[in-house]
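Presented below is the structure to which this report refers.
The values are calculated or read from the model by the stated rules, or taken from the named source; none is laboratory data. Bear in mind the structure is a predicted one, so any value in this text is a computation, not a measurement. Virtual Cβ from ideal backbone geometry, glycine too; neighbours counted across all protein chains shown. In case anyone asks, the SASA skips ligands and DNA or RNA and just uses the protein heavy atoms, side chains included. Shrake-Rupley method; radii C 1.70, N 1.55, O 1.52, S 1.80 Å.
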Amino acid sequence: MPELRDLRELPPFVKKRLRPLDIDLDQAQIALEDIARKSLKDAQLIGVKDVGNHQMVLPAVALVYASEDGADQQVAIAIDGRLSDEHETRFAEIDGPKRSGLLVEGEAPENERPVIPLTGGLHICDKQTIRVLEEGIARAGDAVQRAQTMTATAEASAEDVGELVVTSLEAADVLAAAESELAAVSARSIHTYEHRVLLEEALVTATDRLLIISPRIRGDVVDSEFIHLLRATLRRGVQVHVGCGSIDESDERERKPLGRLKDLARDHSSLKLARLGNTDAKILIWDGRLVATSFNWLSFKGDERHGFRREEGILISAAEVVELQYMKYRSQILNAVD
């Protein structure tokens with residue numbers, strides 16, 4: 001049974017409890033004949049006297065398709081890796097796409113798209129290439145693990161062990177090459193749901209510096225967990241700079257998270273906090289990596305009450321570009337510290 005944690009459960013299409021009269025005998029007979037048990041192969045269904053009702057959950061994957069402007073949308077449903085027209089129809093009939101927050105909110109406005117600091121020699125790697133590299137790393141890693149496990153547990157013959165060693169070494173070479181090629185990518189595009197992962201990675205792994213610029217700030221992002229992670233980052237000796245836009249302090253949703261950041265800045269001199277006014281920059285920099293994006297780092301968490309949002313971003317690891325942008329935005333924050 002697949003792990004069902006973190007999956008959203010939707011109500012059934014038919015909510016009432018089934019009764020014997022609701023059962024179609026012809027359909028029930030067909031279902032009975034499909035059962036593999038030989039003892040039921042030749043059984044003839046005469047009638048249904050009672051029906052048991054049990055709540056069961058079927059894991060599924062929703063695939064969202066939308067036109068460039070977001071006007072035409074469709075949500076397909078895949079069960080066990082196969083598209084199911086029946087489930088797609090029922091999902092639509094219970095208003096599943098809207099209730100699940102799977103509707104695209106339209107295309108990003110032109111001024112929301114990130115301004116990418118491109119310089120000579122910076123090549124943006126497309127998502128397909130990245131996917132191929134990541135899949136290669138995963139396959140090679142699995143091969144190494146299997147070979148090492150079988151060798152360690154002596155599940156193979158002496159002759160097979162030699163072959164396993166060769167396979168392990170070859171897979172290790174493939175793994176090292178794929179990881180090296182992926183690490184060498186100086187810039188790649190990222191999709192909407194990578195942003196939160198990258199923000200958490202920056203908070204947890206930064207060793208030298210962390211810079212965040214977000215025009216808006218909200219309490220559902222700058223919450224207790226975020227403050228805990230940021231405090232741990234500061235305690236590691238990381239220099240942190242945070243810049244936000246024009247905050248409306250009459251709005252509790254903005255005033256409270258800003259107050260939390262101010263309290264943290266008073267306790268840690270290595271945290272510099274500034275309001276940058278009417279900025280539209282959405283920047284994340286940690287150590288030698290930079291993300292320039294349309295994603296509001298400190299105000300959007302992917303709330304399921306809202307529709308799916310298209311967010312465009314570029315992850316850059318070219319040292320010259322990262323350093324240039326870090327110095328630029330760090331200077332803006334230091335010159336406008338509250």
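Numerical summary
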| read-out | value |
| --- | --- |
| Computed over the stretch 209-262: relative contact order in percent, which uses C-alpha pairs under 8 Å that are six or more apart | 54 |
| Mean Cβ count within 10 Å, highest first, over the residues of peptides 50-57, 291-298, 230-237 | 291-298, 230-237, 50-57 |
| Surface per residue (accessible, 1.4 Å probe) for the stretch 182-292, Å² | 43 |
| Derived scalar couplings ³J(HN,Hα) [the stretch 194-204; Karplus, 6.51 cos²θ - 1.76 cosθ + 1.60; whole Hz; x for Gly, Pro] | 6, 4, 4, 5, 5, 5, 5, 4, 4, 5, 7 |
| Approximate spin-label separation residue 247-residue 327, in nm, with each point projected 7 Å along Cα-to-Cβ | 2.9 |
| Computed accessible area, residue 225, all protein chains, 1.4 angstrom probe, square angstrom | 110 |
| Carbon/sulfur fraction of accessible area - the stretch 190-256, other protein chains in place, 1.4 Å, % | 50 |
| Summed residue charge, Cβ within 15 Å of residue 48's Cβ, Lys/Arg positive, Asp/Glu negative | -1 |
| Reference-scaled alpha-carbon Rg (2.2 N^0.38 Å with N residues) for the stretch 231-306 | 1.18 |
| Residue-span extension gain [residue 64 to residue 270] - 0.36 nm each, minus C-alpha spacing | 69.9 nm |
| Simple spin-label estimate for residue 93 and residue 55 in nanometres, 7 Å along Cα-Cβ | 2.2 |
| For peptides 323-332, 252-261, sequence by mean Cβ density within 10 Å, most packed first | 252-261, 323-332 |
| For the stretch 320-327, Karplus couplings with θ = phi - 60° (6.51, -1.76, 1.60), whole Hz, Gly/Pro x | 4, 5, 4, 5, 4, 5, 4, 5 |
